[in-house]
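Student: Sharing a structure here in structure tokens format.
Please treat every number below as a calculation from the coordinates, not as lab data. Note that the coordinates shown come from a computational prediction; the quantities given were computed from them, not determined experimentally. Glycine gets a Cβ as well: all are built from the backbone with ideal geometry, and neighbour counts include every protein chain shown.
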Amino acid sequence: MSMNRVLANDGIDSLGKEMLEKAGFFVETQKAAEPELINTINQGNFNVLLVRSATKVTSTVIEACPNLKLIGRAGVGLDNIDLIAAKAHGIRVINTPAASSQSVAELVLAHLFSGVRFLQDSNYKMRSEGDTHFGALKKQYSAGTELRGKTLGIIGFGRIGQALGRMAAGMGMNVIASDPFITEATLEVEIPMTKTTVPVKVKTVPLSDILMLSDFISLHVPGKVDGKALIGDSEIAKMKPGIGIVNAARGGVVDEDALLHGIDTGKIAFVGLDVFEGEPTPRKELLKNSRISVSPHIGAATVEAQERIAVEMAAQIIDFFAA
Ligand code: MLT
């Protein structure tokens, strides 16, 4: 039997690579840029293509690579893979839906903590003016607020939404959530120091309640619905004045023009964005806005999540060929 060959085009953590190599797979981690992807797969005789979000696995790639048997998405979202073309060509597509929830949820909290204390702006201004205008900056950032006791509205209450809810509840926030497929979830709030777990039951509510009642809103949905943003001008109009919104899901699930407009009118106090409609070239107005805390799609980019992703992915690839 010839050796199975894996092209990990967006890399793979060394733990997963070692697992695959021990199981007899050849693993290539040298990235092929989009124009060379098809040639690289065919000339290298790869039958497994492993990607994160950077590599787009289009129908053109799938149709031109008859040896491909398996496409692995090292992460959650499958929006960069043409699933219909993969199915039509009998190629199995696998992902790692649970491995990065905690990391994404922690990044959302980081954006929330930044927003309520203006850190996205003060980090920037302190660098250039901290030694000359310390007092003025102290005054400028003196009206921060606490997260404890505030209401966090979570739109999309799957694994990531629930991981966020667990931590927010543990911090003393009031958690409300909406989800078209989930009516109720029990958040197991862990306190490892005392080896206790506190169950917190959350019944989901209609989206309109989230818009009206939340002090902060975070979205955890797979993407736009029929090409449309979930949150636009009319939804923002229903929110509390001074709302903080975080999007670490997919670019454009909150309309970017509506966000900028909401900030300009003072309706939105701050925004946290890890994802952008125009990735990898997001709009400058978003990046430069002092009320927007920005990060370059790094929700799952932690050592822990990448290790879990790689190990889970390697195990699934090994199982696939063992079956
Ligand atoms: C995901 O879908 O797993 C996340 O967007 C993280 C990523 O792939 O970069």
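Student: Restricting region 102-114 to residues that are polar (S, T, N, Q) and more than 10 Å from the ligand (Cβ to nearest atom), which is nearest to the chain's Cα centre (by Cα)?
Tutor: Q102
Student: Pull up region 231-254, narrow it to residues that are in contact with a His (Cβ under 9 Å, 6 or more places away or on another chain) and over 23 Å from S100 (Cα atoms), then point me to the one that is surrounded by the fewest Cβ atoms within 10 Å (Cβ to Cβ).
Tutor: D233
Student: For region 70-79, indicate whether the set of residues that are out of contact with any Cys (no Cβ under 6 Å at 6 or more places or on another chain), more than 18 Å from A315 (Cα to Cα), of a type outside the set (G, A, S) and more than 16 Å from the ligand (Cβ to nearest atom) is non-empty.
Tutor: Start the filter on region 70-79 by keeping residues that are out of contact with any Cys (no Cβ under 6 Å at 6 or more places or on another chain), which leaves 70-79.
Now restrict to residues that are more than 18 Å from A315 (Cα to Cα): 77-79.
Those still in the list that are of a type outside the set (G, A, S) too: 78-79.
Within this subset, residues satisfying the condition of being more than 16 Å from the ligand (Cβ to nearest atom) are none.
Among the residues of region 70-79, not one is out of contact with any Cys (no Cβ under 6 Å at 6 or more places or on another chain), more than 18 Å from A315 (Cα to Cα), of a type outside the set (G, A, S) and more than 16 Å from the ligand (Cβ to nearest atom), which makes the answer no.
Student: For L83, all conditions in the list (1) surrounded by 20 or more Cβ atoms within 10 Å (Cβ to Cβ); (2) within 15 Å of the ligand (Cβ to nearest atom) hold save one; what is the number of the exception?
Tutor: With (1) surrounded by 20 or more Cβ atoms within 10 Å (Cβ to Cβ); (2) within 15 Å of the ligand (Cβ to nearest atom) applied to L83, the lone miss is (1).
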